[in-house]
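The values are calculated or read from the model by the stated rules, or taken from the named source; none is laboratory data. Quick caveat: nothing in here was measured; it's all calculated off a predicted structure. Every residue, glycine among them, receives a Cβ derived from its backbone with ideal geometry; neighbour counts consider all protein chains shown.
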Amino acid sequence: MLREGPVLVGDGLVVETDAGAVRGVRRRGLRMWRGIPYAGTTGGGQRFLAPAAVTPWDGVRDAVEFGPVAPQNRKGQFIGAHPRLPRSEDCLRLNVIAPDEPVGGRPVMVFLHGGAYSVGSSDEYPRQGEGLVRRHGIVYVSLNYRLGALGWLDFRAYASARHPFDCNLGLRDQVAALEWVRRNIAAFGGDPGRVTLFGESSGANSVTTLMAVPAAEGLFARAIAQSSPANAVYTPEVAARWAAEYVRTLSRLVDDDDLESDSSEDAAAMLHTADPVLLAEATTQLSLRTPDENPGTISLAAVIDGEFLPQRPLDAFADGTAHRVPLIIGTNDREGSLFVGRISILPTTKPRIRAIFANTRKKSRKAIKRQYPGLPERRPAADFAGDFTFWFPSVKVGERHSRHAPVYFYRFDAAPRMPRLIGLDATHGLDLFALFEKFDTLTGAGLTLLGGRRLYREVGRRMQQHWTSFAASGAPDPSWPVYDEADRRTLVFDRADRVELDPRSAKRIAWQEFVPHV
């Protein structure tokens, strides 16, 4: 909604951006702006194209409500955004939270949400980031970006003059948001030279991938990757197979009996005109089949296109071509315990594990198996899958990047009594409940039903202190030593934090000769 009339800047809630003025709201001692467009619409003729510039507006635009979430559904491994939230391809919006005192030069923290690149939004926990801003005086930015096939599949094989396709659209959206931050964040009190990019799960994978994207150079000064599946980036050949499978899946949903499998023009027309609801349904179907058809992979991911993303990020970290910014990276103690059964997107079943081992030498296979006694029983299978997907790739990122820039490695072990009793322990995503103090959510209340809220609040406050000190200076508090390949000093978040030298060294050595590739 636009309001015509003079721009009233006296209360600090109206801010001029490069596309027009926005009016925020003051709540609980904070100033908030929500739903600010950082790029143009990605619907209509812009579907499957790189983000375009925002169309400027006149007057003052209300920035009080979150913007629409990217098209998605609530099936599969992850639930997705609440049905009450409006969905739209016009979803490239961001949100800013700043302290009430309009002081400039504050550190900026830009958060990328997770959700396997298929679900999620910046509105999944509306109060997220408020504690960081209120307690530590940073400026917090969150954003929506394209999900599913609209953002993370490569349809260039179907491109024509009539139906163009770009690739890595979700990554391009994130770069566009960071460019907006560089141009505009000073008006909100932030320092564009002290931007920290952080995310969790697929959001963390975006972080480690953007560190290898040339277009992102200079857009962030530090990075934090929480539970990054850092090796989930694939070649054009693999991405093309998934795109073809997706087209076949979508054609069945739209009941297009006339679509010929070799008709690129017909497939392109279908992709450009299909209802976003069907696009999201086809995304879910592909995502649930991929772990069995291509074990160890995630079909929604960035593609190594040779230009926007020139090489595999793990290779960029090794040769020093990744952006040489300070990095915090780590994982939770038992990442895989959340992912169980055939609906899991991780390699947790016997056939999937067998397929993973088919890529290893016999000696390495035996060494890895010794680290997971009872494999493929449920608990060791979950730990194997979590280490394969999150922990070991994060170790490789940490050790390789430490040759070129400061790295701080962590492991999150803290878990309330309830998740320990049901066998989840410190599982995937649990760190976010501590960091963002999400105790008033239904899940947060359930996690602490049998106690542990005080523990989690204390752990979260210590995480906040490290994260915001890092955002301000490029280093966490002095109690957290730098990581290197000689000592591998790792901060373990628990009831009492501790520093360990090369934790899980036996597992690391067993995995050392096997870096999963597709």
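On the given criteria, is Asp440 part of a loop (DSSP other than H, G, I, E, B), farther than 26 Å from Asn205 by Cα, among the charged types (D, E, K, R) and out of contact with any Leu (no Cβ under 7 Å at 6 or more places or on another chain)? Taking the combined requirement at face value, the residue satisfies it. Screening Gly374 against (1) in contact with a helix residue (DSSP H, G or I) (Cβ under 7 Å, 6 or more places away or on another chain); (2) surrounded by 19 or more Cβ atoms within 10 Å (Cβ to Cβ) leaves a single unmet condition, (2).
Return yes when Leu346 is of a type in the set (A, V, I, L, M), out of contact with any Cys (no Cβ under 9 Å at 6 or more places or on another chain) and closer than 28 Å to Pro51 by Cβ and no when it is not. Here the answer is no, as Leu346 does not meet what is asked. When the range 134-166 is filtered for residues that are part of a helix (DSSP H, G or I) and in contact with a Lys or Arg (Cβ under 9 Å, 6 or more places away or on another chain), the ones remaining, listed by number, are Arg134, Arg135, Leu150, Gly151, Trp152. Residues that are modelled with pLDDT of 90 or more and of a type in the set (Lys, Arg) within the range 341-364 comprise Lys350, Arg352, Arg354, listed in sequence order.
Would you tally the residues in the range 89-119 being assigned to a loop (DSSP other than H, G, I, E, B), without any contact (Cβ under 8 Å) to a residue 60 or more places away in the chain and not β-branched (Val, Ile, Thr)?
The total comes to 3.
Out of Asp319, Asp275, Asp255, one residue alone is at positive phi, free of Cβ contacts under 8 Å to residues at least 40 places away in the same chain and among the acidic types (Asp, Glu). It is Asp255.
Here Val54 clears all of (1) buried (at least 23 other Cβ atoms within 10 Å of the Cβ); (2) of a type in the set (A, V, I, L, M); (3) in contact with a Gly (Cβ under 8 Å, 6 or more places away or on another chain); (4) within 22 Å of Gly190 (Cα to Cα) except the condition numbered (1).
Scanning the range 387-407 turns up one or more residues that are over 30 Å from Leu219 (Cβ atoms) and at pLDDT 95 or above.
Applying the criterion of being of a type in the set (Val, Ile, Thr) and under 16 Å from the mean Cα position of the chain (by Cα) to the residues of the range 201-239, the residue that is surrounded by the fewest Cβ atoms within 10 Å (Cβ to Cβ) is Val213. Residues that are part of a strand (DSSP E or B), charged (D, E, K, R) and modelled with pLDDT of 95 or more do not occur anywhere in the range 46-59. Basic (Lys, Arg), surrounded by fewer than 18 Cβ atoms within 10 Å (Cβ to Cβ) and touching a residue at least 12 places away in the same chain (Cβ under 8 Å), is that true of Arg379? Yes: the conditions hold for Arg379. The single condition from (1) free of Cβ contacts under 8 Å to residues at least 40 places away in the same chain; (2) loosely packed, with under 15 Cβ neighbours inside 10 Å that Glu485 fails is (1). The criterion of at least 3 residues that are more than 28 Å from the chain's Cα centre (by Cα) and under 19 Å from Phe48 (Cα atoms) is met, among helices (runs of 4 or more DSSP H) falling completely within the range 240-324, by 264-273.
Quickly run through the range 494-518 and pick out the residues that are charged (D, E, K, R) and assigned to a loop (DSSP other than H, G, I, E, B). Passing the criteria: Asp494, Arg495, Asp497, Asp502, Arg504, Glu513.
Scanning the range 346-369 for residues being closer than 17 Å to Glu513 by Cα, in a loop (DSSP other than H, G, I, E, B) and of a type in the set (Ser, Thr, Tyr) gives a total of 1. Examine the range 141-152 for a residue that is in contact with a strand residue (DSSP E or B) (Cβ under 7 Å, 6 or more places away or on another chain) and either surrounded by fewer than 24 Cβ atoms within 10 Å (Cβ to Cβ) or under 17 Å from Ala53 (Cα atoms) (or both), and state whether such a residue exists. Within the range 141-152, one or more residues are in contact with a strand residue (DSSP E or B) (Cβ under 7 Å, 6 or more places away or on another chain) and either surrounded by fewer than 24 Cβ atoms within 10 Å (Cβ to Cβ) or under 17 Å from Ala53 (Cα atoms) (or both). Every condition in (1) assigned to a strand (DSSP E or B); (2) in contact (Cβ under 8 Å) with a residue 40 or more places away in the chain holds for Ser206 except the one numbered (1). Note on the range 186-211: residues that are small (Gly, Ala, Ser) and in contact with an Asp or Glu (Cβ under 8 Å, 6 or more places away or on another chain) amount to 1. Considering the range 97-115, the residues that are among the small types (Gly, Ala, Ser) and modelled with pLDDT of 95 or more include one that is farthest from Leu169 (Cα to Cα), namely Gly105. When the range 383-429 is filtered for residues that are hydrophobic (A, V, I, L, M, F, W, C), touching a Leu at 6+ places or on another chain (Cβ under 8 Å), closer than 25 Å to Ala506 by Cα and assigned to a helix (DSSP H, G or I), the ones remaining, listed by number, are Phe384, Ala385, Phe388, Val397. The condition (being of a type in the set (A, V, I, L, M), modelled with pLDDT of 95 or more, touching a helix residue (DSSP H, G or I) at 6+ places or on another chain (Cβ under 9 Å) and surrounded by fewer than 21 Cβ atoms within 10 Å (Cβ to Cβ)) is satisfied by just one residue among Ala318, Ala322: Ala318.
For Leu491, the conditions (1) assigned to a helix (DSSP H, G or I); (2) within 29 Å of Ala116 (Cα to Cα); (3) at pLDDT 95 or above; (4) hydrophobic (A, V, I, L, M, F, W, C) all hold with the exception of (1).
Of the residues making up the range 298-315, those that are buried (at least 19 other Cβ atoms within 10 Å of the Cβ) and not aromatic (Phe, Trp, Tyr) are Ile298, Ser299, Leu300, Ala301, Ala302, Val303, Ile304, Leu309, Arg312, Pro313, Leu314. Screening the range 24-45 for residues that are of a type in the set (D, E, K, R) and at pLDDT 95 or above and picking the one that is farthest from Leu143 (Cα to Cα) gives Arg26.
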